[in-house]
1. For THR379, all conditions in the list (1) under 20 Å from VAL544 (Cβ atoms); (2) out of contact with any strand residue (DSSP E or B) (no Cβ under 6 Å at 6 or more places or on another chain); (3) at pLDDT 95 or above hold save one; what is the number of the exception?
2. In the range 161-200, what residues are modelled with pLDDT under 95 and out of contact with any strand residue (DSSP E or B) (no Cβ under 6 Å at 6 or more places or on another chain)?
3. Restricting attention to the range 275-289, which residues are modelled with pLDDT of 95 or more and out of contact with any helix residue (DSSP H, G or I) (no Cβ under 9 Å at 6 or more places or on another chain)?
4. Quickly run through the range 745-775 and pick out the residues that are among the aliphatic types (A, V, I, L, M) and either in contact with a His (Cβ under 6 Å, 6 or more places away or on another chain) or in contact (Cβ under 8 Å) with a residue 60 or more places away in the chain (or both).
5. Output the qualifying pairs, or none if there are none: Cβ atoms under 7 angstrom, residues six or more apart or on different chains, first residue in the range 441-469 and free of Cβ contacts under 8 Å to residues at least 24 places away in the same chain, second residue in a helix (DSSP H, G or I) and polar (S, T, N, Q).
6. Can you find, within the range 823-841, the residue that is modelled with the lowest pLDDT among those that are under 39 Å from the mean Cα position of the chain (by Cα), assigned to a helix (DSSP H, G or I) and of a type outside the set (A, V, I, L, M)?
7. Scan LEU458, LEU502 and give me the residue that is under 23 Å from THR573 (Cβ atoms) and open to solvent by less than 40 Å² (accessible area, probe 1.4 Å).
8. Out of SER157, SER193, SER135, report the one residue that is within 28 Å of GLN313 (Cα to Cα) and either among the hydroxyl-bearing types (Ser, Thr, Tyr) or in contact with a helix residue (DSSP H, G or I) (Cβ under 7 Å, 6 or more places away or on another chain) (or both).
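The values are calculated or read from the model by the stated rules, or taken from the named source; none is laboratory data. In this text, all values refer to a predicted model and were calculated from it rather than measured experimentally. Here the Cβ is made from the backbone with ideal geometry for all residues, glycine too, and neighbour counts use every protein chain on show. SASA here: full protein model, heavy atoms, side chains in, ligands and nucleic acids out. Shrake-Rupley method; radii C 1.70, N 1.55, O 1.52, S 1.80 Å.
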Amino acid sequence: MKFIATWSNVLVLLVSSEAFTLAPHRYSFGTSKVKQSVGTALGVSTENEQPIVAKTGGRGAKSASQSAYDNKLSLGAPKDRPEGGHHMTRGGIQVTANVSGLTFSDAKTPGTSTYAIEELVDLLDSRKGVLLSSSYEFPGRYARWSLGFVDPPIEVSGSKNKCTISALNERGAIILPAIIDAMKQLQEDGILSDVDVGVNGSFEKVAVKIMPPGEVGSFSEEERSRQPSLFSVVRCLVELFGYEDGDNQLGLYGAFGYDLTFQFEPIKLSQLRDDTQRDILLYLPDDIIVVDQDRRDAWKISYDFFVDGKSTQGVERSGSIESFKAFDDGNQESFSSRDTPEAEFSASVEKAKHEFAVGNLFEAVLSQTFREKLDEETTPSVLFRRLRARNPSPYGFFINLGEDEYLVGASPEMFVRCEKTPINDFRSGAIRVETCPISGTVARGADALEDAQRVKSLMMNSKEESELTMCTDVDRNDKSRICEPGSVQVIGRRQIEMYSRLIHTVDHVEGYLREEFDALDAFLCHTWAVTVTGAPKTWAIQFVEDNERSPRCWYGGAVGMVGFDGGLNTGLTLRTVRIKNGVAEVRAGATLLYDSNPQAEELETELKASAMIDAIVQKKTENEVLEGFAPKPKIGTNKSIILIDHEDSFVHTLGNYLRQTGATVKTLRSGPSALTAIEKLVENGEKPDMVILSPGPGNPSDFGLSATLDVLTKHKIPGFGVCLGLQGMVEHFGGKLGILDYPMHGKPSPVSLTVAGQSGASIFKGLPSTFEVARYHSLHGKRNELPDCLEVTALSEDGIVMGIQHKTLPFAAVQFHPESILTSPIHGMTILENSLRFLRYNDDDMSQ
């Protein structure tokens with residue numbers, strides 16, 4: 001881009017022909033017009049000019065949704081119902097899959113998809129297993145599906161450098177010998193230092209100890225994810241059970257704890273850890289329920305394994321039963337409602353701001369934990385159902401981890417998803433890795449219109465934008481370690497995702513793994529997402545360790561599936577209730593930057609935790625709560641309104657609002673016939689309770705508004721005016737109208753209430769002193785030429801009259817449009833209801 005200027009000839013802007021070119025313009029000596037023209041060319045608002053919106057030259061990249069369709073991506077959902085059959089794994093295990101269909105139906109009767117899932121939810125209170133449920137969709141990103149199981153034959157449990165793989169039933173005992181052999185081979189390869197075969201209750205187990213990783217500097221950073229760790233065991237199992245052609249549903253399912261990151265990036269630990277806390281808990285299932293809501297299909301897939309001449313076929317599918325235990329009040333002294341005393345979180349934010357100021361950190365994510373005691377009625381399954389109903393999400397889950405520990409969550413954020421893609425720009429079968437960093441949060445509004453206002457405020461907030469930018473830049477760096485050059489791309493930028501209580505801005509990033517790396521490399525290289533740690537990541541993780549009040553356990557880790565087909569689908573462990581020994585823990589964090597407000601960040605953690613806390617303490621569903629309230633009486637009930645139509649394009653929306661008050665509304669086109677109709681109603685004893693003067697084009701005199709007001713005054717009928725209606729009242733009572741310098745057509749504008757507008761009988765009663773409204777007008781009532789009988793009740797920022805009320809007669813009006821989408825419907829309805837409530841003659845019934 002070039003900017004060339006001389007005193008006499010200004011060449012404003014030269015850009016490629018795909019955008020636009022402005023021809024030279026001649027100006028007289030001075031800079032104001034030059035500045036104005038440059039601002040216009042750059043799309044910057046100068047004085048009253050609006051930013052230029054590009055209308056030509058668009059080359060839009062293919063959308064993520066279209067790419068997903070073209071490349072047949074799963075969006076995390078199970079692929080088409082498999083046919084079943086036999087396949088041989090790379091480790092020499094023969095697997096047989098038997099598929100039986102379920103009727104896709106909401107009916108809770110045996111044989112239906114809903115019955116199968118709800119039965120599974122009930123069983124998870126007392127039996128080990130996993131339910132993953134996506135109840136949120138986003139084009140090119142998420143689909144709706146559920147998948148789950150109980151009584152898995154094999155469990156993988158690990159902490160720090162130790163891992164135990166246990167058979168959980170007779171079927172697992174048949175499979176375990178192949179796993180033991182694989183672990184012994186891993187020991188020969190120098191990855192494990194010990195392999196100990198023992199007994200876990202009635203069945204065998206194999207406990208292994210992992211060798212320490214090499215010294216820093218003895219390996220390249222690209223090889224860091226291949227250093228010995230718990231993931232070495234997981235990778236070995238994926239290789240043992242791996243296959244090229246199968247049903248894409250067999251794999252390891254479960255949870256990954258936050259402390260796993262220390263195996264990838266060691267730091268100095270300063271917090272005391274519970275020796276019983278596990279860093280990884282995965283199950284190998286053999287009987288899976290699958291429901292694909294998008295395809296309206298459901299099935300059960302049952303697996304049998306043939307190992308060393310023995311088969312699981314015909315062996316009972318069973319597991320141990322350990323019922324949920326409520327909180328024991330005898331442990332009251334050990335219970336605390338939160339790990340961070342009030343205001344201490346804000347103090348930690350101040351510490352983070354110091355680190356930002358000196359350049360040690362760019363951003364950090366600090367969290368705190370809230371706790372509630374659970375009674376016998378509030379079981380994990382009850383919490384899951386409440387969350388599922390109240391907080392739909394792409395990563396809903398319910399996991400019975402054993403040892404009286406459960407995870408129930410509704411996470412909005414993908415951690416890492418990997419999928420083999422036959423079609424791509426690099427090589428057939430290359431593994432695509434994708435993530436969706438979330439940063440930038442605002443509370444939901446009361447309706448879609450208020451949501452839009454909050455989305456606008458979120459998108460315009462530079463601090464929120466910076467948060468997400470840093471997250472995505474770090475995420476791209478994570479991928480670049482292991483992805484094909486040029487493959488790491490941002491395919492969605494600051495996209496809006498709406499959840500039950502929150503609105504987030506989200507980026508969507510993809511890359512394609514180099515041939516020597518797999519899905520587990522991708523998983524490890526992203527541990528943990530910058531959206532739950534900070535940047536630079538290692539220093540941020542150390543800051544988190546030093547400044548949070550308790551270990552994170554599962555929070556900030558991941559849940560999901562490691563597929564034996566080479567795929568992976570995991571969500572971050574956020575919006576999660578961890579249940580341990582009858583105590584429900586909810587942890588929530590906030591992304592901190594240098595310009596963070598400490599108190600606001602603390603409130604954000606409380607807001608994020610609120611949906612989970614409500615699921616714990618609010619016994620009824622939201623519908624049941626609403627049913628407990630009697631509907632409010634409507635102020636317009638048994639009242640009749642005449643709406644005079646001044647040929648406006650919004651009159652029927654205004655009528656709709658008026659009918660919502662409970663009133664009967666009849667719309668009459670303005671003119672002598674309308675006045676005659678009102679006269680007849682009065683003669684017949686059916687005098688309307690109010691007449692509404694609608695907006696309209698032109699001047700009040702074009703519609704004879706003064707004659708209308710004469711009729712209302714003659715018959716003591718209250719009147720309320722909108723836009724043209726206000727102008728008509730001003731002229732009728734002796735005021736003057738002016739013309740705006742700049743027409744306000746479809747423009748939002750803040751209005752402020754005057755002292756009169758905040759009085760007890762004002763049409764604005766109950767509204768904030770300043771609020772935003774929609775304006776569609778060029779004419780306005782001149783404030784300095786209003787008659788004494790009218791008092792101003794509302795003003796725009798530049799002093800334009802926005803509301804009037806007659807001092808002695810029941811007439812009032814607004815210059816703005818209460819029925820527009822730019823005016824909050826709550827505010828618009830309040831104004832109309834107040835008009836019916838307060839605009840009355842003294843001899844009218846004042847009981848309401």
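1. All conditions are met except number (1).
2. Scanning the range 161-200 gives a single hit, VAL199.
3. Within the range 275-289, ARG278, LEU281, TYR283, PRO285, ASP287, ILE288 meet the criteria.
4. VAL751, ALA761, ILE763, LEU767, ALA774
5. Within 7 Å, the pairs are GLY445/GLN453.
6. PRO825
7. Working: LEU458 fails: under 23 Å from THR573 (Cβ atoms).
The conditions single out LEU502.
8. From the options SER157, SER193, SER135, the qualifying one is SER157.
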